[in-house]
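The structure appears below as structure tokens.
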Amino acid sequence: MAFLLLSSPLPFSRVALLLKLPSRRPCFPNPSPFFTRCRRSPSPSHHPHHSQLKSLCIASSSGLKPIARSMAREDVLILGIETSCDDTAAAVVRGNGEILSQVASSQADLLARYGGVAPKMAEEAHIVAIDKVVQQALDNANLAARDLSAVAVTIGPGLSLCLRVGVCKARRIAGMHNLPIVGIHHMEAHALVVRLVEKDLHFPFLALLISGGHNLLILARDLGHYVQLGTTIDDAIGEAYDKTARWLGLDMKKGGGPALEELAQEGDADSIKFSIPMRQHKDCNFSYAGLKTQVRLAIESRKICTENNPISSANPDDRSSRADIAASFQRVAVLHLEDRCQRAIEWALKIEPSINSLVVSGGVASNQYVRTRLSHVVNNSGLRLVCPPPSLCTDNG
């Protein structure tokens, strides 16, 4: 995803943080709270492609203004680097959006060992993997670093220890080959990555971003122009999936979300009457902390002990009880999404009546149950549901 804002072939009014970082500055830029503001490289570059990149925008007292409408040029080659959480990823993409290579290294073993993301361990795993992942991405694209036009890298939000690994790698490559660096906002990239495969997706559109760390509903009016309709006030849906999967003793190596979705198919989704979060709040914000508490109490009330009894060792009755909890949790977790999306659609259509698409992206968007349920909401509202393929839903280069 890190390449996306720079390589987009669609018209835009902003690119994310185009930096030429001098060596004396810290290797970890600090993004703004929402979507990163854009700045232009403070020093000129003599790289052959720099003039194309530089033509994207010009500096003024009020910020950057576009002077080019498109960067869909086949001779522009961008390396994207992503290390915001627990996956080390890199990709090489042409300026017209063609993906030449995509490589990712998972930390599934660490997730299973620690029951979640351990920032220091994740950082060390990124350090071990980053050189190999980036080189593999270049090799798969039949390119060398000197062939690149720019390096894009995620600068937030995410775990600072992990982000630093990707930023420092990007700086090394850019410094060695005199390339510009493009800092990318992680959630903005999730919102826009679907445009690689849905060429007819135009602004404005509504976007639901659902991942392990974020729930976000935004109205995307143009590139860099967003209206936030709702966000999470405590825990994100992906975190709730992971925590529930761990409490149920599922195999975390495949990811808590996929493991829970698979077990839920065996259960009765109506067997436990969990309360739908925030039904009394007429807004578009999300909350999953209370649902997590309900799940924990349900597990305790059924005396399900998973500490030394993983799902693979559970007897039929025990497995059935866990499946019922998984299915009931998933039903209510997604009902919360449906409620918020329905209201967001109503709000968004009042602001931008021309909206015809809901984009759903982020790791949880890989969940087929989520897609199926949200498709009903969207169809009833006269919109269409647009989701990236699973390989572009999860964190990627």
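The values are calculated or read from the model by the stated rules, or taken from the named source; none is laboratory data. As the structure is a prediction and not an experimental result, all values here were calculated from the model. We place every Cβ from the backbone using ideal geometry, glycine too, and count neighbours over all the protein chains shown. All accessible areas refer to the heavy atoms of the entire protein, side chains included, with ligands and DNA or RNA removed. Shrake-Rupley method; radii C 1.70, N 1.55, O 1.52, S 1.80 Å.
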Hey, among Val332, Val378, which residue is touching a Leu at 6+ places or on another chain (Cβ under 8 Å), surrounded by 18 or more Cβ atoms within 10 Å (Cβ to Cβ) and free of Cβ contacts under 8 Å to residues at least 40 places away in the same chain? Val378
For the range 381-394, name all the residues that are touching a Gly at 6+ places or on another chain (Cβ under 7 Å) and open to solvent by 30 Å² or more (accessible area, probe 1.4 Å). Thr394
In the range 342-361, is there at least one residue being open to solvent by 30 Å² or more (accessible area, probe 1.4 Å), in contact with an Asp or Glu (Cβ under 6 Å, 6 or more places away or on another chain) and either in a helix (DSSP H, G or I) or touching a residue at least 60 places away in the same chain (Cβ under 8 Å) (or both)? no
With the range 78-188 as the region, which strands (runs of 3 or more DSSP E) entirely inside it contain at least 1 residues that are on the phi > 0 side of the Ramachandran plot? 150-156
Failed item, numbered, when Val167 is tested on (1) in contact with a helix residue (DSSP H, G or I) (Cβ under 8 Å, 6 or more places away or on another chain); (2) open to solvent by less than 10 Å² (accessible area, probe 1.4 Å); (3) touching a residue at least 60 places away in the same chain (Cβ under 8 Å): (1)
Which residues, taken from the range 247-298, are of a type in the set (Ser, Thr, Tyr) and buried (at least 22 other Cβ atoms within 10 Å of the Cβ)? Tyr288
Of Val128, Val117, which residue is open to solvent by less than 80 Å² (accessible area, probe 1.4 Å) and β-branched (Val, Ile, Thr)? Val117
If Pro390 meets every condition in (1) modelled with pLDDT of 95 or more; (2) farther than 13 Å from Ala207 by Cα apart from one, which number is that one? (1)
Answer yes or no: is there a residue in the range 209-217 that is assigned to a helix (DSSP H, G or I), in contact (Cβ under 8 Å) with a residue 40 or more places away in the chain, of a type in the set (Ser, Thr, Tyr) and surrounded by 21 or more Cβ atoms within 10 Å (Cβ to Cβ). no
How many residues are over 15 Å from Leu248 (Cβ atoms) and charged (D, E, K, R) when one looks only at the range 269-322? 5
Among residues of the range 147-164, those that are open to solvent by 40 Å² or more (accessible area, probe 1.4 Å), aliphatic (A, V, I, L, M) and either within 14 Å of Leu77 (Cα to Cα) or touching a Ser or Thr at 6+ places or on another chain (Cβ under 8 Å) (or both), counted: 1
